[in-house]
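Below you'll find the structure, written out as C-alpha cells, and then a few comments.
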Amino acid sequence: TAAAPRPWRLFGAMCLLRPPRITQPLEKEEEEIAALMGQIELEKSHYSDHEIRKLEEEEQLRRRKESMYDDDEAPGKTVIMAQDLEDKWEQKLLRFEAAPRITDADKSNNRTSLDRKLDSNLMLLVKQKVGNQELWLLPQVEWQPGETLRSTAERAMAMFLGDHIQAKILGNAPYGIYKYKFPRAIRTEDNVGAKVFFFKAFLQSSDLSQAELKEDYLWVAKDELGDYLKSEYLKKVNRFLLD
Amino acid sequence: DALVSCHRHYKSRPTHGIGRFKYLLPKEAPKKKKDKVQMKEINVGTEHEYGDVNIQMTSYDMCLVEHFAQYVHKLCNRLSIRVNESYAMPTKTNEVLFLEERGSKMQLDAVLTTHQRVVQISGLSSTFAPILLEIIQSSQPEGVHLLVKEHTEADFKSRLKSRPELEELLAQMN
C-alpha cells in the first residue's frame, strides 16, 4: 500500500552568503594590546642584517669625517648604501595607495550592491509572493518529488540569479527549518502547512554581471535582517547564522 | 649536609630500586624506521564519515600561519574531533627581482618565504563538516590561504625525501 501523502508542502531555500573581504576593525583593547606586544617584541629583538649594515656604514662615515681617512675603501665599494635603500623603500611606500575600506556603496547605503559592508557577511533577500502576500524572504522554491532538497535550493538560487553562479554549498544537510501552518481559510486535508529547509552557500566570486530576474533583491547584513524578515522566520534564520 | 640529603638509595640498602615501575608496563615493539601508515576510512555510504582530511594553510607570514594552525588544532580538540597529525611542510623561498630599465639596469631583490602548515583530521561526520568548514573559513586571518582536501598517497609521499641512489638501482634492476 502506498504511504499516505503528507500534509506538509516542502520548500528548499537558499541562504547565499558573501563572505567578508576585509577583517573587522580591532576593538580598543585589542589595539592597545597589539601596540604593547609590538613594543615588547621591538625591545626584545636583535638587529637584522640590514640594520647592522646601516650602523656600520654610519660608523665609517663618521670616522672618515673626523679623522680624514684615505679613501682606500671607497673605490672598492659600490655606491649603494643602506640609507639610500631605505629612502627608496620609503618613497615606494608613500606612492602606494591602499583601496578604501568604506566604499561608495557604504556611504550611499545602496543595499542592492555587493560592495557594501566589506567586513561582514552579506545575505541575499528576495521579494516573493507567498499565498497572497508579497514578503521579503530567502529565495525559496517548492520541492518536487524525486529531487534532493539540496538540488531544490540550487534551483532556487539559479532561478533568481541565473545559472552561472559560483557558489559553493558545503554539505548535503540543511542548516535550519521553518515550518508554518496556513491560515484556516486555505487549510485542507492535504495541505496543512509548509516547511522551509534552509541551505547555506558561499559566493566564490563577487562578479554578478549576469542579469537578475527580479528587481527586488537586497544584499543585507545580519543586523539588518530584522528590518525585512518577519519575527518567527527571523528567529529560525538567526539560529544558523554565524557572525 | 647537602651530600647526605641525596635521594638515591645505594644498592646495599634494602630500599634500593623503590621507585622502579618500567618493568610493570607492557612491552613496546621497537620503532621501525619506515612508517608506512595508510589509514583509509569509509568515505561515502551509509557511514557518512570522511576519512583523513588535510587542512593546509599557506602564507608568507610565519607567525600568522603558526598561530592559525594552533587555533585550528585547539578548536578541533574542543570539538572532540580526532587530530591525527599536525605538521609543517618545508618552506619555499622565492626571490623577487625588479628590472628597472631607466638608464642603468638595476635589480632590486625581495626575498619571500612561503610557509605551509597541515592539520590532519579524521572522524568528521558529514553533518558536522560544513559547520566546521564555515567556522574555519570565517576565522581566517588576512593573507592566509586555506585548502581543505582529503588525504591521498601523494600527500603522504610529498613529505618524504626522494632517494636518487635507490631509484637508480631500481631502474638498473628493471
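Tell me, A:Arg111, A:Arg62, A:Arg95, A:Arg9 in order of fewest to most beta-carbon neighbours within 10 Å?
A:Arg95, A:Arg62, A:Arg9, A:Arg111
For segment B:64-167, max minus min Cα coordinate along each principal axis, in Å, sorted largest first?
Ordered largest first, segment B:64-167 gives principal extents of 63, 44, 20 Å.
Can you give the net charge of the other residues whose Cβ lies under 15 Å from the Cβ of A:Asp243, counting K and R as +1 and D and E as -1?
0
Could you give the length gained on full extension between B:Met173 and B:Lys74, defined as 0.36 nm per residue of separation minus the Cα-Cα distance, in nm?
Gain in length upon complete extension: 30.8 nm.
Counting only other residues whose beta carbon sits under 14 Å from that of B:Ser139, what net charge do I get with K and R as +1, D and E as -1?
Numbers: positive: B:Lys74, B:Arg78; negative: A:Asp119, A:Asp243, B:Glu134, B:Glu142.
Local net charge: -2.
Taking neighbour counts of Cβ atoms within 10 Å as a proxy for exposure, in what order, fewest first, do A:Arg18, A:Arg150 appear?
Details: A:Arg18 24, A:Arg150 18.
Least to most surrounded, the residues fall as A:Arg150, A:Arg18.
Between beta-carbons, use under 10 Å as the cut-off and find the net charge around A:Asp104, counting Lys and Arg +1, Asp and Glu -1.
Working: positive: A:Lys107, A:Arg116; negative: A:Asp106, A:Asp115.
Every neighbour counted, the sum reads 0.
Counting other beta carbons within 10 Å of each residue's own, what order do B:Glu28, B:Glu150, A:Glu154 fall into, fewest first?
The most exposed by this proxy come first: B:Glu28, B:Glu150, A:Glu154.
Taken together, the values in this text are just the output of simple stated rules run on the coordinates, not laboratory data. Because the structure is predicted, anything quoted here is derived from the model rather than measured. Virtual Cβ from ideal backbone geometry, glycine too; neighbours counted across all protein chains shown.
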